[in-house]
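The values are calculated or read from the model by the stated rules, or taken from the named source; none is laboratory data. Note that the structure is a prediction, hence the values are computed from the model and not measured. Using ideal geometry, Cβ is built from the backbone for each residue, glycine included, and neighbour counts are taken over all protein chains shown.
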Amino acid sequence: MKYSIGDIARILGITTSAVRYFEKENLINVEKDESGFRLYRVVDIFRLLSYKKYRSMGFSIKTVVKQFGGGENNRKVIQSRVAKQKQEALKKSEYYKNLADYINAHLKSIESIDKLLDKYEFTTSPAMLFMRGSECGWLSKVLDEQEVVNKWVDAMPATRLSVILNMNNENEGCFGYSVSPEIADYLNLPIKLQVEELPSVSCLHTIVTADDRFSEEPQLVFKEPLKYAERRGFEINGKPWGHILLVEVAQGAQLKPYVELWIPIC
């Protein structure tokens with residue numbers, strides 16, 4: 001039985017260009033009928049199904065072509081390659097499990113917007129590490145700092161875009177990245193530059209919205225929570241901080257960030 005290039009492409013879910021590539025690499029052989037249409041035999045289907053199997057394991061196209069191109073006639077080589085791929089799959093499995101946990105934590109924070117937007121609760125803040133560069137906090141022009149910041153950026157969403165207030169100057173807020181000490185240790189994040197340990201303490205917990213001024217004046221998000229704390233007679237007992245949950249974008253590219261804040265009190 002013989003099949004057209006369209007049959008193969010539809011059944012195997014690959015493009016006709018891919019089929020022609022495999023012809024070029026001698027993975028399969030092609031025959032042509034009297035009208036010049038390509039025809040493929042069952043043995044070609046067998047080779048392409050094997051290709052799909054190994055691709056589904058995560059092997060590159062070039063590796064599969066090499067394996068079925070006649071240059072490797074040693075099952076031990078293939079066995080070793082599959083065993084290595086298994087270890088890669090286990091690493092990816094762990095990565096995606098952790099990713100799902102990080103996303104779930106982020107989702108829970110987003111779900112709390114309805115409950116906490118412009119409202120307050122008394123709670124205990126999570127212990128965090130807050131890291132920032134020497135300039136705007138998120139970015140730096142210093143090459144050595146850029147390498148460190150890059151590690152923290154690559155670790156998102158385990159690390160989060162954050163903001164902190166300098167209580168010695170309430171007109172000074174700074175951006176940075178936050179992460180729990182446990183996750184920082186697990187991910188082996190470089191604890192360099194300006195890193196502050198934010199302990200777990202009693203806090204006012206709230207969610208506020210910001211506007212386009214936020215990127216230039218991050219301290220503004222703390223204004224109303226600090227006024228609320230003052231009205232209630234609380235003393236600020238540490239650096240207020242928070243992280244950005246999500247950003248709505250209105251027409252005209254107007255930004256509306258939602259920022260979750262912790263205000264240490266006593």
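Taking residues in region 2-30 that are on the phi < 0 side of the Ramachandran plot and of a type in the set (Gly, Ala, Ser), and partners anywhere that are surrounded by 12 or more Cβ atoms within 10 Å (Cβ to Cβ) and part of a helix (DSSP H, G or I), the pairs with Cβ atoms closer than 7 Å and at least 6 places apart or on different chains are 9/16; 9/19. Does region 64-72 include one or more residues that are modelled with pLDDT under 85 and of a type in the set (Lys, Arg)? Among the residues of region 64-72, at least one is modelled with pLDDT under 85 and of a type in the set (Lys, Arg), which makes the answer yes. Here region 1-44 is the region considered, the condition is being within 18 Å of residue 64 (Cβ to Cβ) and of a type in the set (Lys, Arg), and the residue that is surrounded by the most Cβ atoms within 10 Å (Cβ to Cβ) is 20.
Exactly one residue out of 91, 108, 115 is more than 30 Å from residue 201 (Cβ to Cβ) and part of a helix (DSSP H, G or I), and it is 91.
Of the residues screened, residue 100 is not one that is in contact (Cβ under 8 Å) with a residue 12 or more places away in the chain and surrounded by fewer than 13 Cβ atoms within 10 Å (Cβ to Cβ). Among the candidates 262, 241, the residue that is touching a Cys at 6+ places or on another chain (Cβ under 6 Å) and at pLDDT 95 or above is uniquely 262.
Filter region 50-77 for residues that are aliphatic (A, V, I, L, M), part of a helix (DSSP H, G or I) and surrounded by 13 or more Cβ atoms within 10 Å (Cβ to Cβ) and give the result.
Listed by number, the residues that qualify are 61, 64, 65.
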